1. Just read off the accessible area of residue 146 with the full protein assembly in place, 1.4 Å probe, to the nearest 10 Å².
2. Rank these residues by their accessible area, most exposed first, probe 1.4 Å: 209, 161.
3. Determine the percent antiparallel among the DSSP beta bridges restricted to the chain, to the nearest 5.
4. Placing +1 at every Lys and Arg Cβ and -1 at every Asp and Glu Cβ, with all other atoms neutral, what dipole size does the stretch 1-65 have around its Cα centre, in debye to the nearest 20?
5. With all pairs of different alpha carbon atoms counted, what Kirkwood hydrodynamic radius in Å does the stretch 97-252 show?
6. Between 0 and 90 degrees, rounded to the nearest ten: what's the tilt of helix 107-121 against the longest Cα principal axis of the chain?
7. By how many nm would the segment from residue 72 to residue 358 grow when fully extended, if each residue of separation counts as 0.36 nm and the alpha-carbon distance is taken off?
8. Tell me what the chain gives for mean residue ellipticity at 222 nm when only DSSP H runs of n ≥ 4 count, each as -39,500 (n - 2.57), the sum divided by the residue total, rounded to 500 deg cm²/dmol.
Amino acid sequence: MRVLFQTRTNLYEAPGGDMVQMEKTKEYLEKLGVHIDISLELEPDVSSYDIVHLFNLMEPQDIYIQMLNAKKQNKPVVLSTIYGLYTEFERKARGGLFQKLANLLSPYQIGYLKVIIKHYTSNRMHAGVYKMMYKGYYGLMKELTDYTSVFLPNSHSEMKRVAGEFGLQNYQYVSIPNAIDQAVFSNVSVDVTTSKYKEFEGCIVCAARIEGRKSTLNLVKAVKNTDYKLVLVGKASANQKGYVEQVKAEAGDNVTFLGAIPHDELKELYAVARVHVLASWMETPGLSSLEAAVMDCNVVVTPKGDTYDYFEDDAFYCEPDDVQSIKNAIDQAYAAPLNTNLKERILKKFVWEETAKETLKAYQLVKS
């Protein structure tokens, strides 16, 4: 079987979770004998492929043209949706003029504005963006979902959301787990006593971009004037400089900003930490929470999005806009014994080997 992976054209200039999902899925599908190529072109020759696999419905302006190209060449399309609107954040916590606008617009009008502004300011206007200007953000996504043969959401709840919002009926899907890399995240190989992060032993860690969508400011407020050590690891958002300055101004001596560190070094930090917090406005499910749980951290997560499909009752939940809720969840997670149920479930269900197996099932649905 030959499959072509396609997604947004700036994937490698602006890497994100979709890039990790694509590359790891490719790596593990190839171990099952599937030939995978990646192309970020809008209209490549797909004649030698059995299936075109598109990623990231949230960026429809690129994959819409890629879908039309596949359709023109009579190739079936499967879609990894990676879908979740941040409407609540835009309306309640974005701040500034955009928040006021967001409360006057529909979720799809908000998405439309964000795409147009982002592409115009980065000089990336192309055929897909012009199509969006004519058909709308929702219009492109609706056509994409209508042509998709099989959907590959990261959870059942994500598929339910997509089906409801785009009025889908008689659709086929396979729930594809978001996953951790067992080869990297294994606490067996970490000696805490000699770790370069030993000074942070017993800390609370948050591995995420410093930005409003991750509610970093409220997390910092939640640990203010406490005995907790909070370590923030990840880049600061270049588009929310004012917010980042607020976070730094609010942070006390018990908060450390590590910036971005190599991904395989994260396991050392997780290994010395006691709790990992991701108090976001939406997660599907939050890869760093899965990684930290495997490295023996209790985890605090948002209830917004698809987190319950992964963490069930084995995490501590908090509201992103409520400082006291975040503080209470941290207190409970810190005091609780380590929950090994979650770790065992992740290592059984949420690993790339399982992702590849389930993805292959989706391909076989197309070919049957």
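1. 90
2. Numbers: 209 105, 161 60 Å².
Sorted by accessible area, descending: 209, 161.
3. On the way: 0 of 34 bridges.
Bridges in the chain are about 0 percent antiparallel.
4. Details: 5 positive and 12 negative charges, 54 e Å.
It works out to roughly 260 debye.
5. Numbers: mean 1/r = 0.0500 Å⁻¹.
Result for the stretch 97-252 stands at 20.0 Å.
6. 90
7. Details: separation 286, 0.36 × 286 = 102.96 nm, distance 2.77 nm.
Between residue 72 and residue 358, full extension yields an extra 100.2 nm.
8. Numbers: 16 runs with 162 residues, N = 368.
Taking each H run of at least 4 residues, the total per residue is -13000 deg cm²/dmol.
The values are calculated or read from the model by the stated rules, or taken from the named source; none is laboratory data. None of the values given here were measured: they were computed from a predicted structure. For neighbour counting, all protein chains shown are included, and Cβ atoms are generated from backbone atoms with ideal geometry for every residue, glycine included. Protein only, heavy atoms only, side chains kept; ligands, DNA and RNA dropped before computing areas. Shrake-Rupley method; radii C 1.70, N 1.55, O 1.52, S 1.80 Å.
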